[in-house]
2 protein chains.
Amino acid sequence: MPKMFEFELLHVCRQTGARRGRLHTPNGVIETPVFMPVGTQATVKALEPRDLGENDASMILGNTYHLLLRPGPEVIANAGGLHSFMNWKRPILTDSGGFQVFSLAKMRKLTPDGCWFNSHLDGRRIFLGPRESMEMQRTLGSDIAMAFDECIPWPCDRERAEKSVSITLDWARMSLDAPHAPGQLVFGIVQGGVYADIRRRCAEELVQMDFPGYAIGGVSVGEPEEEMYKAVEASVPFLPETKPRYVMGLGVMTQMAECVARGVDMFDCVLPTRIARHGTAITRHGNVAIKAAKWAKDLGPVEEGCECYCCRNFSRSYVRHLLACDEILGLRLLTIHNVWALNRFMKEMRAAIEDGTFYDWKEQVKKDTKENE
Amino acid sequence: MPKMFEFELLHVCRQTGARRGRLHTPNGVIETPVFMPVGTQATVKALEPRDLGENDASMILGNTYHLLLRPGPEVIANAGGLHSFMNWKRPILTDSGGFQVFSLAKMRKLTPDGCWFNSHLDGRRIFLGPRESMEMQRTLGSDIAMAFDECIPWPCDRERAEKSVSITLDWARMSLDAPHAPGQLVFGIVQGGVYADIRRRCAEELVQMDFPGYAIGGVSVGEPEEEMYKAVEASVPFLPETKPRYVMGLGVMTQMAECVARGVDMFDCVLPTRIARHGTAITRHGNVAIKAAKWAKDLGPVEEGCECYCCRNFSRSYVRHLLACDEILGLRLLTIHNVWALNRFMKEMRAAIEDGTFYDWKEQVKKDTKENE
C-alpha cells in the first residue's frame, strides 16, 4: 500500500473500539497498538540499543526536559540529533517537557509564553514554553514531537482545569506553528482533568488545528482507575478516526488493554524499567517480586515460557542473588525481561485484534492478572 | 597434540623469560599469557556471559569468600555449581578466600586450621581454613582452585613473614589433600613478602608437594613496583618450567608485560571493571578519564581503532553524558571496553611471543603508555 497518510488503519474490532494500525515515521514504521519504553536521558535505563532491538522495541520515548538540562542542545546538535547521539536507528517520540516542568521543577512562574522554573538538578533558572520546547525537539530530531502543554495535578478544581486548557490550546497552536525537524510529526495533547466537557472542548479545538496525531494527557497522575477510563472516554470520541491516539504515561498491561478497547493506539511508561530496578518482574500473570526469599533456590526462569534473554539463560535463583548483591546485571536482566514482556504483550494484542478475538483475550488478561494478586 | 599434561609450553622467548602456553582445564583450553576478569559475586560486574564471550574472555575468576557469604554453598550446590548458576560455560578459577579474610573481614582469630572472622556484611562469625575453602571451591566446581593461604600486608617484618609462610605451607598441604571437584586443578601460592630467601623456601617446599600450577601471592598490595618485580624474580626461578605461573591481583598492562618477561603466565584483577565504574577507560596508550569535560563534544570512539562494542557504536560525547548522568549504560559500555582492551592486549602479547618480537613489543608498550602519563 503506498504511503498516503501517516497512519493506516488496518483492522477495527467489532465488539470494542480496538484498532490495529500502522504509523509511518521518518525512521520507520510502527505497528500499533504499541508500547514505547522510556529513554529519559538518551538511554532506556540499563539497556543498550541492541537489547531493545532484540526485545522487539520499535519506538522509544525521549524526555525533552531532561535532555535540555543534560547534555543540553549543543551536545545533541553536535552529534546530529538524538538518534545518532545514542545510536538508535528506529523512531523516537519526544515529550514536550511540560509534564516535567509541572512535576519535577521548582519555583515555577507561568507566563502566556511558557514557564520559568528552577532546574531540579542545580537550581539554574530556565524558561520553557512551546517555542523553546519545539526548538529543542527540532534539535533532538525526534520522529514525533509533542505539543507543549500544562499538565494539571489530580485532584484539580473545575476553574483551574478550564484555565489550564485555554493555555494548553494556545500553546498547542504555537507548537504547531513553530519550525520542526524534516518529516517530524507533531501531536496535540488533550487535557481537562476529570471534566468530560472540558476534555471535549480541548479535543475539538485541537482537531480544528489538524494535528497528525493526538495524545490524552493528565491521566495516570494518581486518580482512581475508573476516572482514568472516563477521561479517555471523554476524549477519544472527539478525535478523528484516521489519526493515532496516544495515552501518555501508561504501562500496566490490563490498563493498556482497557484503553485499546476504548480506541487508543500508543502508550509509554517508565514502569517496566523502573520496577525492574526495584526487583519486580512483569509477567502475563501479574508482577512477581524476584527479590523474595522464596525464589532463593528456584531454578525456573523469571517467567515460564518467556523467550527473552534473561529467561532463556538464567534462573530466578541467580537473578535473585544478583539483586540481593546490588549487582548491575540483576537490574539489567529484569529490565530486559520487563521490556520484552510488554512488547510481547502488545504483539499478542495486535494479533488478537487482527483475528477478531480481542475482547475475549482482554477478559482473559484480566482473569490471569487477578489470579496472582 | 594429545593432552598429556595440563600445561603445554608452545614458545619461549629468547631474550626474556616470556612463555606462550596452553592450559587444559575441564571446561576448556586457555591460551597463555592470559588475563582473567574478576567475577566476585558470580558476575563480572556490569557484564553478562555473552559480553565476555564477545570480549574474548577465556577464563574468569570467582571469589570464594564472597560466594560463601552470598548466596552461600547451598544455593550454589542447588544450581549444580558456579558454572551453571551464572551460565558461564568456559573455565573459572576460584581464589581461596584467604586474601579477603585478611583484607575485608573483621575480628580475625588465627588457628592452625584456619581463621575465625566476622563477615564484612552482617558481622556473622565464620570459620574459614584450607578444608572449608576447598570444600566451598569443590561446591563451586571451579576448573582451578587455589590453596588457602595467609596473605601478609606490606610492609611486614621478617619474623612475621617467616611464620606466615610456615602456616601457608601447612595449609597448602591440607588444601592439596582435601577432596576436589572432578578434574579440578589446585594451585599452590608462593608467599614471603619482600624477603627473597623466604619466597624461595616457600616455592621449593610447594614444588615438593607437586601442584599442577603455582601462584605468586602477596604482590600488588601497596608495595613499590620494583619490590613487586623482585618478589616475582625471587619466586619464578624455583618453580618448574612445565607448570603455569600466576601472579594474583595484577592487571596493569605494563606490569603484566614485565611479569610475563619474568616468566609469568596468568593474571587477574578487578582493575578494568572497577575503574570503568569510575569513568576511566583503559587504552593501549594509557588511561583516559572519559568523564572529563573536554570530551563533551568529542564524536570519536573511546579508543581510536578499537573494535569493541562500545567503540564501534558510541562516541566519547555520548559515553561521557551517560557517566555524568550516572546511567548504568555508561558503566557497562566502559566495562565492555576495558575488558576488551586487556584481552586484546594479551592477544597482542601472545602473538609477539610467538613471532619472537616480545621484547621490542614490551618496550614499545612502555613508551606508548608513558606518552600519555
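If I filter the range B:51-73 down to residues being within 13 Å of another protein chain (Cβ to nearest Cβ) and in a loop (DSSP other than H, G, I, E, B), which single residue comes out as most open to solvent (accessible area, probe 1.4 Å)? Taking the candidates together, the pick is B:R70. Considering only residues that are surrounded by fewer than 22 Cβ atoms within 10 Å (Cβ to Cβ) and in contact with a Leu (Cβ under 8 Å, 6 or more places away or on another chain), which ones fall in the range B:249-262? Once the filter is applied, which keeps residues that are surrounded by fewer than 22 Cβ atoms within 10 Å (Cβ to Cβ) and in contact with a Leu (Cβ under 8 Å, 6 or more places away or on another chain), the range B:249-262 yields only B:V252.
How about the range B:32-41: which of its residues are of a type in the set (S, T, Y) and either open to solvent by 10 Å² or more (accessible area, probe 1.4 Å) or within 10 Å of chain A (Cβ to nearest Cβ) (or both)? First the steps, then the outcome.
To start, the set of residues in the range B:32-41 that are of a type in the set (S, T, Y) comprises B:32, B:40.
Listed by number, the list holds a single entry, B:T40.
Condition check for A:C269 on (1) open to solvent by 50 Å² or more (accessible area, probe 1.4 Å); (2) in contact (Cβ under 8 Å) with a residue 40 or more places away in the chain; (3) closer than 22 Å to A:E54 by Cα; (4) not polar (S, T, N, Q): one failure, at (1). Taking (1) in a loop (DSSP other than H, G, I, E, B); (2) closer than 23 Å to B:L110 by Cβ; (3) open to solvent by 40 Å² or more (accessible area, probe 1.4 Å) in turn, B:P179 satisfies each apart from (2). Listed by first and then second residue, the pairs linking a residue in the range A:137-166 that is more than 30 Å from A:A77 (Cβ to Cβ) to a residue that is in a helix (DSSP H, G or I), with Cβ atoms under 7 Å apart and 6 or more places separating them unless they lie on different chains, are A:I152/A:R160; A:I152/A:A161; A:I152/A:S164; A:A161/A:I198; A:E162/A:I198; A:V165/A:I198; A:V165/A:R201; A:V165/A:C202.
Remark: B:F187 falls outside the filter, which requires a residue to be more than 23 Å from the chain's Cα centre (by Cα) and in a strand (DSSP E or B).
Conditions tested, residue by residue: (1) within 24 Å of B:D326 (Cβ to Cβ); (2) open to solvent by 40 Å² or more (accessible area, probe 1.4 Å); (3) within 21 Å of the chain's Cα centre (by Cα).
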{"residue": "A:I275", "(1), (2), (3)": "yes, no, yes"}
{"residue": "A:L299", "(1), (2), (3)": "no, yes, no"}
{"residue": "A:E303", "(1), (2), (3)": "no, no, no"}
{"residue": "A:L322", "(1), (2), (3)": "yes, no, no"}
{"residue": "A:T335", "(1), (2), (3)": "yes, no, yes"}
{"residue": "A:E354", "(1), (2), (3)": "no, yes, no"}
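Kindly indicate whether any position in the range B:224-232 is closer than 22 Å to B:E8 by Cα and either part of a loop (DSSP other than H, G, I, E, B) or of a type in the set (F, W, Y) (or both). No - not one qualifying residue is present in the range B:224-232.
Filter the range A:233-243 down to the residues that are among the charged types (D, E, K, R) and not in a helix (DSSP H, G or I), then identify the one that is surrounded by the fewest Cβ atoms within 10 Å (Cβ to Cβ).
Initially, the range A:233-243 is screened for residues among the charged types (D, E, K, R), giving A:233, A:241, A:243.
Filter once more, keeping what is not in a helix (DSSP H, G or I): A:241, A:243.
On the way: A:E241: 13, A:K243: 22.
Among them, the one singled out is A:E241.
Checking each residue in the range B:88-118 for being farther than 21 Å from B:L185 by Cα and either part of a loop (DSSP other than H, G, I, E, B) or small (G, A, S) (or both) picks out B:F102, B:S103, B:L104, B:A105, B:P112, B:D113, B:G114.
If you go through the range B:214-227 and keep only what is on the phi < 0 side of the Ramachandran plot and open to solvent by less than 50 Å² (accessible area, probe 1.4 Å), you end up with B:Y214, B:A215, B:I216, B:G217, B:V219, B:V221, B:E223.
For every residue, the table says whether it meets (1) within 29 Å of B:D210 (Cα to Cα); (2) surrounded by fewer than 16 Cβ atoms within 10 Å (Cβ to Cβ); (3) in contact with a His (Cβ under 6 Å, 6 or more places away or on another chain); (4) within 14 Å of another protein chain (Cβ to nearest Cβ).
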residue: B:H83; (1), (2), (3), (4): yes, no, no, yes
residue: B:M86; (1), (2), (3), (4): no, no, no, yes
residue: B:S96; (1), (2), (3), (4): yes, no, no, no
residue: B:S119; (1), (2), (3), (4): no, no, no, yes
residue: B:G123; (1), (2), (3), (4): no, yes, no, no
residue: B:P130; (1), (2), (3), (4): yes, no, no, no
residue: B:S133; (1), (2), (3), (4): yes, no, no, no
residue: B:A147; (1), (2), (3), (4): yes, no, no, no
residue: B:C151; (1), (2), (3), (4): yes, no, no, no
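Quick one: in the range A:305-320, which of the residues that are small (G, A, S) and within 11 Å of chain B (Cβ to nearest Cβ) is farthest from the chain's Cα centre (by Cα)? Selected residue: A:S317.
Could you check the range B:316-332 and list, in sequence order, the residues that are assigned to a helix (DSSP H, G or I) and under 18 Å from A:I76 (Cβ atoms)? Full working, then the answer.
Narrowing the range B:316-332 to residues assigned to a helix (DSSP H, G or I): B:316-324, B:328-332.
Passing the criteria: B:R316, B:S317, B:Y318, B:V319, B:R320, B:H321, B:L322, B:L323, B:A324, B:L329, B:G330.
In the set (1) touching a strand residue (DSSP E or B) at 6+ places or on another chain (Cβ under 9 Å); (2) charged (D, E, K, R); (3) buried (at least 22 other Cβ atoms within 10 Å of the Cβ), A:E48 fails one condition alone, (1).
Against the test of being part of a strand (DSSP E or B), open to solvent by 10 Å² or more (accessible area, probe 1.4 Å) and either touching a residue at least 24 places away in the same chain (Cβ under 8 Å) or away from chain A (no Cβ under 14 Å) (or both), the options B:N343, B:N287 yield a single qualifying residue, B:N287. Being without any contact (Cβ under 8 Å) to a residue 60 or more places away in the chain and more than 14 Å from every other protein chain (Cβ to nearest Cβ) is the requirement here; does A:T280 meet it? Yes, satisfied. Inclusion of A:I282 among residues that are buried (at least 19 other Cβ atoms within 10 Å of the Cβ) and within 27 Å of B:L121 (Cβ to Cβ) is not warranted.
Of all the numbered requirements in (1) in contact with a strand residue (DSSP E or B) (Cβ under 8 Å, 6 or more places away or on another chain); (2) crowded, with 19+ Cβ neighbours inside 10 Å; (3) in a helix (DSSP H, G or I), B:V207 misses one, and that requirement is (2).
Return the only residue of A:V44, A:V29 being under 30 Å from B:R312 (Cβ atoms), away from every other protein chain (no Cβ under 14 Å) and within 19 Å of the chain's Cα centre (by Cα). Show your work before the answer.
On the way: A:V44 fails: away from every other protein chain (no Cβ under 14 Å).
That would be A:V29, the only listed residue that is under 30 Å from B:R312 (Cβ atoms), away from every other protein chain (no Cβ under 14 Å) and within 19 Å of the chain's Cα centre (by Cα).
Do we find a residue being of a type in the set (F, W, Y), open to solvent by 70 Å² or more (accessible area, probe 1.4 Å) and under 27 Å from B:S84 (Cα atoms) anywhere in the range B:99-116?
Of the range B:99-116, the ones of a type in the set (F, W, Y) are B:99, B:102, B:116.
Within this subset, residues satisfying the condition of being open to solvent by 70 Å² or more (accessible area, probe 1.4 Å) are B:99, B:116.
If we keep only those that are under 27 Å from B:S84 (Cα atoms) as well, we get B:99.
Yes, some residue in the range B:99-116 is of a type in the set (F, W, Y), open to solvent by 70 Å² or more (accessible area, probe 1.4 Å) and under 27 Å from B:S84 (Cα atoms).
Go through (1) surrounded by fewer than 17 Cβ atoms within 10 Å (Cβ to Cβ); (2) away from chain B (no Cβ under 14 Å) for A:L23 and report which single condition fails. Only one criterion is unmet by A:L23, namely (1).
The values are calculated or read from the model by the stated rules, or taken from the named source; none is laboratory data. Please read these numbers as outputs of a predicted model, since none were measured by experiment. When we count neighbours, we look across all protein chains shown, and the Cβ atoms used for this are built from the backbone with ideal geometry, even at glycine. For accessibility, only protein heavy atoms count, side chains too; no ligands or nucleic acids. Shrake-Rupley method; radii C 1.70, N 1.55, O 1.52, S 1.80 Å.
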